[in-house]
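Participant: Just passing along the structure, written as structure tokens.
The values are calculated or read from the model by the stated rules, or taken from the named source; none is laboratory data. Not measured: the values here are computed from a predicted model. Don't worry about glycine lacking a Cβ; one is built from the backbone with ideal geometry, like all the others, and counts go over all protein chains shown.
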Amino acid sequence: MSEAALTRREWLLSERPDSRLQARLGRAYQSWLRFSANRLALAGLLIILLLVFVAAFADLLSPYSPIVGDLRGSRLMPPGPGHWLGTDDQGRDILSRIIHGSRITLYVVLLVAIIAAPIGLAVGAVAGYAGGLLDVVLMRITDIFLAFPKLILALAFVAALGPGIENAVLAIAITSWPPYARIARAETLTVRSSDYIAAVALMGASPSRIVLRHIMPLCISSLIVRVTLDMAGIILTAAGLGFLGLGAQPPLPEWGAMIASGRRFILDQWWVAAAPGAAILIVSLGFNLLGDGLRDALDPRGSER
């Protein structure tokens with residue numbers, strides 16, 4: 001290791017940082033060291049980066065159109081040199097449909113995370129800090145959502161809103177926020193009586209400022225871990241809605257809908273349903289491995305054990 005690199009490492013790992021920036025960069029670097037020591041977590045990160053790459057360059061990577069197929073000459077062809085993963089009952093290349101379907105998968109998980117995580121964070125932080133009647137009301141609403149299986153509740157919302165990818169995203173987001181609220185409330189209860197929160201209150205900070213500026217940031221690391229671990233469940237829920245015809249509508253190459261269309265040929269033309277099923281399995285595994293690595297890296301108590 002060069003002297004410059006060693007100096008940067010010592011600067012990042014300094015026990016007495018000279019600025020907030022140095023302290024934040026040092027914490028981030030220590031988290032990365034714990035994360036990079038986990039090979040399975042790195043494998044999960046590689047899978048997710050590959051998913052993002054495929055989704056970003058789907059038009060360049062797909063050899064055929066994901067929507068238009070050769071119904072006369074390429075219907076239900078097995079995997080081979082011309083079609084690496086075979087073709088479906090409409091003569092469409094399955095590999096091209098899986099590549100373009102990665103965009104829909106990424107679209108769903110990102111939108112659900114953007115919608116559900118802030119809602120759960122806000123509800124949990126407010127309930128934990130306010131306490132009393134407001135805490136009871138917000139947590140009972142959360143319990144009502146947690147009492148129903150996520151897929152069943154999402155089916156009910158999609159049935160009311162109508163089929164479509166946007167309504168499926170909204171339904172999954174509505175059913176995904178309660179666990180985040182529970183985590184945020186638990187984190188808030190552990191810090192609301194601490195000395196630095198009391199010091200901020202004595203300085204005249206309003207309750208809303210305390211929640212937004214001092215409590216919510218402390219809950220973000222736990223929330224990131226839970227959101228990452230929930231990505232696999234979100235993908236499976238979206239695939240389940242697509243399988244039932246309530247998610248992305250044909251001819252969009254959504255992986256769950258592809259499995260639904262291939263179940264009729266599962267015995268003879270197994271690749272039609274097996275290929276998108278394998279894509280769901282690999283991406284879900286990648287998110288789970290990444291979430292486990294983030295949990296170990298961002299939990300300082302876990303690193304001390």
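Participant: Which residue pairs have Cβ atoms under 7 Å apart, sit 6 or more places apart or on different chains, and have a first residue in segment 216-232 that is farther than 11 Å from residue 184 by Cα and a second that is part of a helix (DSSP H, G or I) and polar (S, T, N, Q)?
Facilitator: 229/288; 230/176; 232/284; 232/288
Participant: Report yes if residue 101 is out of contact with any helix residue (DSSP H, G or I) (no Cβ under 9 Å at 6 or more places or on another chain) and more than 22 Å from residue 222 (Cα to Cα), otherwise no.
Facilitator: In short, no.
Participant: Go through the residues of segment 153-176 one by one and say whether even a single one is out of contact with any Gly (no Cβ under 6 Å at 6 or more places or on another chain) and more than 30 Å from residue 250 (Cβ to Cβ).
Facilitator: no
Participant: I'm checking my understanding of the structure. Among residues of segment 75-120 that are of a type in the set (Gly, Ala, Ser) and not in a helix (DSSP H, G or I), which one is modelled with the lowest pLDDT?
Facilitator: Checked segment 75-120; the qualifying residue modelled with the lowest pLDDT is 82.
Condition check ((1) more than 28 Å from the chain's Cα centre (by Cα); (2) within 28 Å of residue 225 (Cα to Cα)) across all residues:
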| position | (1), (2) |
| --- | --- |
| 13 | yes, yes |
| 27 | no, yes |
| 34 | no, yes |
| 39 | no, yes |
| 52 | no, yes |
| 61 | no, no |
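Participant: Also, quick follow-up: From 204, 245, 256, 240, which residue is outside any helix (DSSP H, G or I), out of contact with any Lys or Arg (no Cβ under 9 Å at 6 or more places or on another chain), within 21 Å of residue 109 (Cβ to Cβ) and small (Gly, Ala, Ser)? Quick ask: steps written out before the conclusion?
Facilitator: Values: 204 fails: within 21 Å of residue 109 (Cβ to Cβ); 256 fails: outside any helix (DSSP H, G or I); 240 fails: outside any helix (DSSP H, G or I).
Answer to the selection: 245.
Participant: Condition (residue is aromatic (Phe, Trp, Tyr) and more than 22 Å from the chain's Cα centre (by Cα)) applied to segment 263-270: is it met by at least one residue?
Facilitator: Looking for residues that are aromatic (Phe, Trp, Tyr) and more than 22 Å from the chain's Cα centre (by Cα), one finds at least one in segment 263-270, hence yes.
Participant: Residue under question is residue 72, and the condition is that it be among the basic types (Lys, Arg), out of contact with any Asp or Glu (no Cβ under 8 Å at 6 or more places or on another chain), part of a loop (DSSP other than H, G, I, E, B) and free of Cβ contacts under 8 Å to residues at least 60 places away in the same chain; does it hold? Write out each step before concluding.
Facilitator: Details: among the basic types (Lys, Arg): yes; out of contact with any Asp or Glu (no Cβ under 8 Å at 6 or more places or on another chain): yes; part of a loop (DSSP other than H, G, I, E, B): yes; free of Cβ contacts under 8 Å to residues at least 60 places away in the same chain: yes.
Considered against the rule, which asks whether it is among the basic types (Lys, Arg), out of contact with any Asp or Glu (no Cβ under 8 Å at 6 or more places or on another chain), part of a loop (DSSP other than H, G, I, E, B) and free of Cβ contacts under 8 Å to residues at least 60 places away in the same chain, residue 72 comes out as yes.
Participant: If you don't mind, there's one more thing I want to ask. Take the conditions touching a residue at least 60 places away in the same chain (Cβ under 8 Å), more than 18 Å from residue 227 (Cβ to Cβ) and not in a loop (DSSP other than H, G, I, E, B) and apply them to residue 155. Does it pass?
Facilitator: yes
Participant: Another question, if that's okay. Out of segment 158-169, which residues are part of a helix (DSSP H, G or I) and either at pLDDT 95 or above or surrounded by fewer than 18 Cβ atoms within 10 Å (Cβ to Cβ) (or both)? Walk me through it before giving the result.
Facilitator: Residues of segment 158-169 that are part of a helix (DSSP H, G or I), as a first pass: 158-161, 165-169.
Answer for segment 158-169, where residues must be part of a helix (DSSP H, G or I) and either at pLDDT 95 or above or surrounded by fewer than 18 Cβ atoms within 10 Å (Cβ to Cβ) (or both): 159, 160, 161, 166.
Participant: Could you list, in sequence order, the residues of segment 236-245 that are surrounded by fewer than 24 Cβ atoms within 10 Å (Cβ to Cβ), of a type in the set (A, V, I, L, M, F, W, C) and in contact (Cβ under 8 Å) with a residue 40 or more places away in the chain?
Facilitator: 236, 244
Participant: Pairs please, first residue from segment 275-299 and farther than 22 Å from residue 31 by Cβ and in contact (Cβ under 8 Å) with a residue 12 or more places away in the chain, second anywhere and in a helix (DSSP H, G or I) and polar (S, T, N, Q), Cβ atoms under 9 Å, 6+ apart in sequence or on different chains.
Facilitator: 279/102; 279/105; 280/105; 283/102; 283/105
Participant: Only residues that are surrounded by fewer than 17 Cβ atoms within 10 Å (Cβ to Cβ), aliphatic (A, V, I, L, M) and in contact with a helix residue (DSSP H, G or I) (Cβ under 8 Å, 6 or more places away or on another chain): list them for segment 262-273, please.
Facilitator: Matches in segment 262-273: 266 only.
Participant: Here is a further query. Look through 222, 303, 284 and report the one residue that is touching a Lys or Arg at 6+ places or on another chain (Cβ under 7 Å) and either at pLDDT 90 or above or in a helix (DSSP H, G or I) (or both).
Facilitator: 303
Participant: Out of 31, 36, I need the residue that is in contact (Cβ under 8 Å) with a residue 60 or more places away in the chain and either loosely packed, with under 12 Cβ neighbours inside 10 Å or among the polar types (S, T, N, Q) (or both). Which one?
Facilitator: 31 is the lone residue from the list that is in contact (Cβ under 8 Å) with a residue 60 or more places away in the chain and either loosely packed, with under 12 Cβ neighbours inside 10 Å or among the polar types (S, T, N, Q) (or both).
Participant: If you check every pair at least six apart or on different chains, which have Cβ atoms under 6 Å apart with a residue in segment 178-204 that is basic (Lys, Arg) first and a residue that is part of a helix (DSSP H, G or I) and surrounded by 19 or more Cβ atoms within 10 Å (Cβ to Cβ) second?
Facilitator: 185/124; 185/127; 185/128; 192/129
Participant: Considering only segment 116-145, how many residues are out of contact with any Cys (no Cβ under 8 Å at 6 or more places or on another chain), in contact (Cβ under 8 Å) with a residue 60 or more places away in the chain and within 14 Å of residue 224 (Cα to Cα)?
Facilitator: 4
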